[in-house]
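Undergrad: I'd like to ask some things about the structure below.
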Amino acid sequence: MKTYNVIGVMSGTSLDGLDLAYCTFRYEEGKWQYTLQHAETVPYDQKWLVRLTALPSQPIHLYAKTDAFYGKYIGLCVKQFLSRHSITDVDLIASHGHTIFHQPDAGFTAQIGSGASIYAETGIPTVCDFRSLDVALRGQGAPLVPIGDELLFGEYDACLNLGGFANISYRKQEQRLAFDVCACNMLLNKVAQQAGKLFDENGSMARVGQIHTQLLRELNALPFYTQSGAKSLGREWVEKEIWPLVSAYEIVLEDLLATFVEHIALQLAASIQEANVQILMVTGGGAYNTFLMERIEQHSGQKIAIADSSLIQYKEALIFAFLGILRITNKTNTLTSVTGATRASIGGALWG
């Protein structure tokens, strides 16, 4: 029985910060077991928030420079994390990076955070760039977490993650299906930040707002929601489809948040009902939004099991650590039933 000690690194589209998780994996009696030993989030300072937000529209040389510098930054954060927790036994770093472009239908996706820079800074073998191979195989390159849902959290009928985007993963007819459902914290956090808050704590602003019914109808009518099969969302879709609808109206922030919460809850409820599941686990920062959770339960008619706080915050970092282990042991870590690629694959570039 082999035990692997891995640092999983994740940066989500909601820009909460850099998630670091020290995880142990072992394979015994035909099943993968995991232990989440230590985990924390390193908040981005204002410099990194501005740089990561502005990068998609910056000149190409700044993209290349930031890719290298962000990789070094990840490496420094990992070293400080190891020191704080007195961790000395690490086999691998598995880093998702931070998504700057995601346009799989155009044939590309890009997550910055150079694996070469991470390895050079830490001296620890590093796997990164998990999505590119799947996109090259005509897949969506997302979501990638479902293989972890299948192998680590198989006791749940479905897993729902409420991050920058919301996605659902579940088993149907002996195969794992998953897809992005809608934008989530990316929308809610941006509106809350206009009110001078990092996020709408517990959904308290949304709770006192009034739903803008016309905007809600327009949001629910977006073509993405009627697409079937593998599908994923990126920042580009939000900028093209969501914000132009919002800009047509003058809506106070509380009402806009209430409208977004209702929209998200309706879309998620439809996906939950389509999955026809009984035991549903929810993770991601949106699980802390009590008003959003109430609306999802109201529309879906289903009681939802919220994961413990460590999994709510660090499940994606944990699973990317696991994807790294699958990569170095030459086991499939990307499912064609999820991404729509021409075949399943072993994604990730290894440095070191």
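Undergrad: For the chain, which whole percent of the accessible surface, found with a 1.4 angstrom probe, sits on carbon and sulfur atoms? List each step's numbers first, then the result.
TA: Working: 7550 of 15090 Å².
With neighbouring chains kept in place, the figure for the chain is 50 percent.
Undergrad: Using bins 10 angstrom wide from zero, how does P(r) for the chain break down, in % of all Cα pairs?
TA: 5, 26, 35, 25, 8, 1, 0
Undergrad: Still on this model: Taking every pair of Cα atoms in the range 42-199, average 1/r, invert it to obtain the Kirkwood radius, and report Rg/Rh to two decimals.
TA: 0.98
Undergrad: Continuing with the same structure: Taking only Cα atoms, what is the 0 to 90° angle, nearest 10, from helix 290-300's long axis to the longest principal axis of the chain?
TA: 70 degrees
Undergrad: Tell me the volume per residue, in Å³, of the convex hull enclosing the alpha carbons of the range 312-352.
TA: So the per-residue hull volume is 82 Å³.
Undergrad: Over 13 Å, how big is the tail of the calculated P(r) for the range 22-86, in percent of all Cα pairs?
TA: Beyond 13 Å sits 74 percent of the P(r) for the range 22-86.
Undergrad: In square angstrom, what is the accessible area per residue of the range 286-352 with a 1.4 angstrom probe?
TA: Values: 2690 Å² over 67 residues.
Value returned for the range 286-352: 40 Å² of accessible area per residue.
Undergrad: Mind listing the long-range amide H neighbours of TYR44? Cut-off is under 5 Å, sequence gap 5 or more, other chains count too, H placed in the peptide plane at 1.01 Å from N.
TA: Under 5 Å from the amide H of TYR44: GLY17, LEU18.
Undergrad: What does the helix-only formula give at 222 nm for the chain: each DSSP H stretch with n ≥ 4 adding -39500 (n - 2.57), the total divided by the residues, and the result rounded to the nearest 500 deg cm²/dmol? Display every interim value, and only then the final one.
TA: Details: 13 runs with 139 residues, N = 352.
Rounded to the nearest 500, the figure is -12000 deg cm²/dmol.
Undergrad: Using the heavy atoms of the protein chains and a 1.4 angstrom probe, tell me the accessible area per residue for the range 38-168 in square angstrom.
TA: 41 Å²
Undergrad: Hey, which of these cross-link pairs are over 21 Å Cα-Cα: LYS47/LYS190; LYS65/LYS231; LYS47/LYS197; LYS2/LYS331; LYS47/LYS315; LYS197/LYS303?
TA: Exceeds cut-off: LYS65/LYS231; LYS47/LYS315; LYS197/LYS303.
Undergrad: Also, I was wondering about something else. Please state the charge dipole magnitude for the chain, taken about the Cα centre, from unit charges on C-beta atoms (+1 on K and R, -1 on D and E), reported in debye and rounded to the nearest 20.
TA: Around 720 debye, computed over the chain.
Undergrad: Apply the Debye scattering formula to the range 137-232, with a single equal point scatterer on each alpha-carbon and no solvent, then give log10 I(q)/I(0) at q = 0.13, 0.24 Å⁻¹.
TA: Debye output, listed in q order: -0.61, -1.23.
Undergrad: Please work out how much accessible surface LEU219 shows to a 1.4 Å probe, ignoring ligands, DNA and RNA, in Å² rounded to 10.
TA: Looks like 0 Å² after rounding.
Undergrad: Rounded to whole Å and sorted largest first, list the principal axis extents of the Cα atoms in the range 204-294.
TA: Between the extreme Cα coordinates on each principal axis of the range 204-294 lie 40, 29, 21 Å.
Undergrad: Shifting gears a bit: Could you give me D for the range 200-352, from Stokes-Einstein at 10 °C and 1.306 mPa s, where the hydrodynamic radius is the Kirkwood radius over C-alpha pairs? Units µm² s⁻¹, please.
TA: Details: Rh = 18.0 Å.
The Stokes-Einstein estimate is 88 µm²/s.
Undergrad: A further question on this structure: Let me see the P(r) profile for the range 289-336: every Cα-Cα distance counted, bins of 10 Å, each bin given as a percent of all pairs.
TA: Here the calculated profile for the range 289-336 is 22, 30, 28, 18, 2.
The values are calculated or read from the model by the stated rules, or taken from the named source; none is laboratory data. Bear in mind that the values here come from a model prediction, so they are computed numbers and not experimental data. Cβ coordinates were reconstructed from backbone atoms using ideal geometry, including for glycine residues, and neighbour counts include every protein chain displayed. Just so you know, the surface numbers come from the protein's heavy atoms only, side chains and all, with ligands and any DNA or RNA stripped out. Shrake-Rupley method; radii C 1.70, N 1.55, O 1.52, S 1.80 Å.
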